[in-house]
Each structure stands twice: as structure tokens, then as C-alpha cells.
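Engineer: Below is the structure I would like to discuss, written out as C-alpha cells.
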Amino acid sequence: MLSRDEYLAAWSRWHGGTDPADSRLVHGWLTLAYTLAVPLARLSPLVATALGLVVAGAAVGPAAAGGGWLVATGVLIGLSGLLDSLDGALAIAGGRASRRGFVLDSAVDRLTEVAYALAFWVAGAPGWLAAAFGALCWLPDYLRARAGQAGVSETGAISVWERPTRVAMAGFGLGGAGVVALLGIEVDGHDVVAAVVTVGAAVGCLLGVVGTTQLGVQLRRALGEQTPPG
């Protein structure tokens with residue numbers, strides 16, 4: 001296994017030179033994933049990838065049940081995010097990283113974010129807002145991929161809407177609504193669970209717009225310095 005610093009440096013190389021130290025959240029998230037990966041070094045990264053997708057899909061069920069079950073949804077979403085980071089840590093720190101695995105991991109990330117959006121919807125968020133949340137989860141990585149095809153070698157500095165933030169917003173937004181339900185909190189005699197779910201999705205969308213704008217400005221500058229492809 002690589003040391004933690006070697007792992008972070010290797011992660012940076014796999015992500016277009018992005019420095020995880022630019023964000024405390026991302027740096028802490030990756031450090032946690034590395035810490036979990038050390039005792040699980042023999043585990044296949046593909047197993048962690050598959051488990052992350054299964055756990056994310058499982059989060060939709062308790063979200064549909066609503067009420068206090070939303071706490072379970074929040075926990076499952078957080079676990080799916082950790083498993084997603086664990087597979088990368090196992091692959092990179094264990095010297096098993098490959099381009100095929102990198103692409104597969106990215107594809108599974110997008111599928112888990114579909115599950116997060118579905119969880120918001122079935123828990124009570126308006127359909128258009130849940131769809132916007134999902135779209136804003138996908139858009140930054142799509143932009144980075146297209147910019148890479150256009151010749152941009154760097155993926156841009158870390159924005160406020162990276163993968164750990166998306167997981168945190170979905171987990172806390174839905175899990176927090178479950179806590180509200182368990183506490184029986186009401187406003188003017190009305191259940192506020194659906195309102196908390198909606199606010200969580202809306203805040204996530206706001207961060208998504210800000211983060212995508214940050215990334216767009218960076219990529220626009222980088223694309224302006226590239227020679228158009230033949």
C-alpha cells in the first residue's frame with residue numbers, strides 16, 4: 001500500500017492534477033477513505049464499487065416510506081459515498097488503478113446520483129427540483145469529460161460541488177428530515193418533513209449552480225488557451 005501522502009499525490013494525477021488540499025472536505029474525505037482502505041487492502045475495488053451502487057439503490061426504499069425511515073436513507077447515502085471513495089483508495093493506494101476502472105467508477109458514481117435524486121423525489125421534493133439536483137450532480141463531470149476531449153489536461157480547481165458535497169447534501173438533507181419526523185416537529189400544526197426534504201434539495205441545487213459556474217469559468221479560460229482540434 002502507498003502511504004497516505006503518496007496516495008493523495010497519485011489521486012491528484014488521476015484527476016487532472018487537482019490538489020485535494022484545496023478543499024478541507026475533499027482532503028478529509030479522501031483521508032477517511034484511505035484509512036478505511038488500509039485494513040481492507042485485499043478487498044477488490046470492484047466489490048466496493050458494486051456495493052456502493054447497491055447501497056445507493058437501497059436508499060430509495062426507506063425514502064419512499066418517509067417519516068423516521070428517512071434517517072436510514074441518510075445513513076445509506078453516506079455509506080454509499082464512503083464505499084465509492086473506498087474503491088478508489090483500494091485501487092490507487094494498492095497499485096491496482098486502471099483506466100477501465102476509472103471509467104467504471106465514474107459511471108457508477110452517476111448511477112448512484114440518480115438514486116439520490118430519486119430518493120429526494122419519493123421523499124416529497126417536487127419532481128422538477130429532484131431532477132435538477134440529479135442534473136447538477138452530472139453536469140460538472142460531463143463538462144470535465146468534454147473539456148478533456150477538447151484537449152484540456154487539467155480538470156480545474158476543486159469547486160463547492162464536488163462528489164463529497166453531493167453525498168453530504170443528499171445524506172443530511174434526507175436524514176435530517178427523518179430526524180425532524182422522529183422528533184414530531186410541526187409548524188402551525190403541519191408536518192414539515194416534506195419541507196425539509198425540499199429545502200435540502202434546493203440548497204443542493206444552489207451549491208450545484210455555484211460549483212458548476214466556478215468550474216465553467218475555469219474551463220472557459222483553459223479552453224481559450226487550447227488549439228481547436230483538427
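Engineer: Could you please state how large a percent of the accessible area of region 22-72 is carbon and sulfur, counting protein chains only and using a 1.4 Å probe?
Structural biologist: Values: 1920 of 2660 Å².
Answer for region 22-72: carbon and sulfur cover 72 percent of the accessible area.
Engineer: Looking at (1) 57, 37, 32; (2) 61, 43, 27; (3) 182, 60, 34, which value of Cα extents along the principal axes in Å comes from a calculation on the structure shown?
Structural biologist: (2)
Engineer: Averaged per residue, what accessible surface does the chain expose to a 1.4 Å probe, in Å²? Let's see the in-between values first.
Structural biologist: On the way: 11540 Å² over 230 residues.
Using a 1.4 Å probe on heavy atoms only, each residue of the chain averages 50 Å².
Engineer: Here's a follow-up. Hey, if you put +1 on the Cβ of every Lys and Arg and -1 on every Asp and Glu Cβ in the chain, which of Ala147, Pro126, Leu86 ends up farthest toward the positive end of that dipole?
Structural biologist: It is Ala147.
Engineer: Pull out the extension gain between Ile185 and Glu6, defined as 0.36 nm times the separation in residues minus the alpha carbon to alpha carbon distance; nm, one decimal. Working shown, then result.
Structural biologist: On the way: separation 179, 0.36 × 179 = 64.44 nm, distance 4.75 nm.
Contour length minus Cα-Cα distance gives 59.7 nm.
Engineer: Figure the gain on full extension for Ala50 and Ala157 (residue separation times 0.36 nm, minus the Cα-Cα span) and round it to one decimal in nm. Spell out each step's value before the answer.
Structural biologist: Numbers: separation 107, 0.36 × 107 = 38.52 nm, distance 2.87 nm.
Full-extension gain reported as 35.7 nm.
Engineer: Related question: Would you mind pulling out the separation of the Cα centroids of region 195-217 and region 53-101, in Å?
Structural biologist: 21
Engineer: Take region 142-201, compute every pairwise Cα distance, and split them into 10 Å bins from 0; I just need the percent in each bin.
Structural biologist: Whole-percent P(r) values from 0 Å outward: 20, 31, 20, 16, 11, 2.
Engineer: Hey, with R₀ at 35 Å, roughly what FRET efficiency would Asp22 and Val114 work out to, going by the Cβ-Cβ distance, to 0.05? Working shown, then result.
Structural biologist: Numbers: r = 28 Å, r/R0 = 0.79.
So, using R0 = 35 Å, E works out to roughly 0.80.
Engineer: Another one. Once the mean 1/r over all distinct Cα pairs of region 98-230 is inverted, what Kirkwood radius in angstroms do you read off? Walk me through the numbers on the way to the answer.
Structural biologist: Values: mean 1/r = 0.0619 Å⁻¹.
Every distinct Cα pair counted, the radius reaches 16.2 Å.
Engineer: When you have a sec, figure out the Kirkwood radius of region 69-120 from all distinct Cα pair distances and drop it here in Å to one decimal?
Structural biologist: On the way: mean 1/r = 0.0837 Å⁻¹.
Result for region 69-120, one decimal place: 11.9 Å.
Engineer: Quick check for me: using +1 on Lys/Arg Cβ and -1 on Asp/Glu Cβ, what's the dipole size of region 58-184 about its Cα centre, in debye to the nearest 20?
Structural biologist: On the way: 8 positive and 8 negative charges, 38 e Å.
With only Lys, Arg, Asp and Glu charged at Cβ, the dipole is about 180 debye.
Engineer: Tell me, what HN-Hα J-couplings in whole Hz come from the Karplus equation 6.51 cos²θ - 1.76 cosθ + 1.60 at θ = phi - 60° for each residue of region 87-100, using x for Gly and Pro?
Structural biologist: 5, x, 5, 4, 6, 6, 5, x, x, 10, 5, 9, 5, 5
Engineer: Two decimals is fine: what is log10 I(q)/I(0) at q = 0.17 Å⁻¹ for region 12-148, from a Debye sum with one equal scatterer on every Cα and no solvent?
Structural biologist: -0.99
Engineer: Which residue fluctuates the most in the chain, going by a Gaussian network model with Cα springs under 10 Å, if the choices are Ile185, Ile158, Ile92?
Structural biologist: Ranking Ile185, Ile158, Ile92 by mean-square fluctuation puts Ile185 first.
Engineer: Using 0.36 nm per residue, how much length does the chain from Gln149 to Trp14 gain when fully extended, once their Cα-Cα distance is taken away? The partial results should precede the final answer.
Structural biologist: Numbers: separation 135, 0.36 × 135 = 48.60 nm, distance 1.55 nm.
That pair, Gln149 and Trp14, stretches by 47.1 nm at full extension.
Engineer: Pick from Phe133, Phe172, Phe120 the residue whose mean-square fluctuation is largest in a GNM of the chain, springs joining Cα atoms under 10 Å.
Structural biologist: Its mean-square fluctuation being the largest, the pick is Phe172.
Engineer: Quote the FRET efficiency, to the nearest 0.05, computed for Phe102 versus Leu40 with a Förster distance R0 of 22 Å and r equal to the Cβ-Cβ distance.
Structural biologist: Details: r = 20 Å, r/R0 = 0.89.
So the FRET efficiency works out to roughly 0.65.
Engineer: Taking the Cα centre of the chain as the origin, how large is its charge dipole in debye, to the nearest 20, when only Lys and Arg (+1) and Asp and Glu (-1) carry charge on their Cβ atoms?
Structural biologist: Details: 14 positive and 16 negative charges, 126 e Å.
The dipole of the chain has a size of about 600 debye.
Engineer: Rounded to the nearest 500, what is the chain's calculated 222 nm mean residue ellipticity when only DSSP H runs of at least 4 contribute -39500 (n - 2.57) each, over all residues? Can you show the working numbers first?
Structural biologist: Working: 9 runs with 171 residues, N = 230.
Value at 222 nm, helices only, nearest 500: -25500 deg cm²/dmol.
Engineer: Looking only at Cα atoms, what is the convex hull volume of region 111-159 per residue, in Å³?
Structural biologist: Working: hull volume 3.7 nm³, N = 49.
Cα-based convex hull of region 111-159, divided per residue, equals 76 Å³.
Engineer: By its C-alpha gyration tensor, with a ≥ b ≥ c as the square roots of the eigenvalues, how is region 47-90 shaped: rounded for a/c under 1.5, else prolate for a/b larger than b/c, else oblate?
Structural biologist: On the way: a/c = 5.18, a/b = 2.46, b/c = 2.10.
It is prolate, given that a/c is not under 1.5 and a/b is the larger ratio.
Engineer: Taking the Cα atoms of region 83-171, report the difference between the largest and smallest coordinate on each principal axis, in whole Å and largest first.
Structural biologist: Principal-axis extents of the Cα atoms in region 83-171, largest first: 43, 30, 21 Å.
The values are calculated or read from the model by the stated rules, or taken from the named source; none is laboratory data. These numbers come from a predicted model, not from an experiment. With ideal geometry, Cβ positions are generated from the backbone for all residues, glycine too; neighbour counts draw on all protein chains shown. Accessible surface is based on the protein model in full, side chains and every heavy atom, while ligands, DNA and RNA are left aside. Shrake-Rupley method; radii C 1.70, N 1.55, O 1.52, S 1.80 Å.
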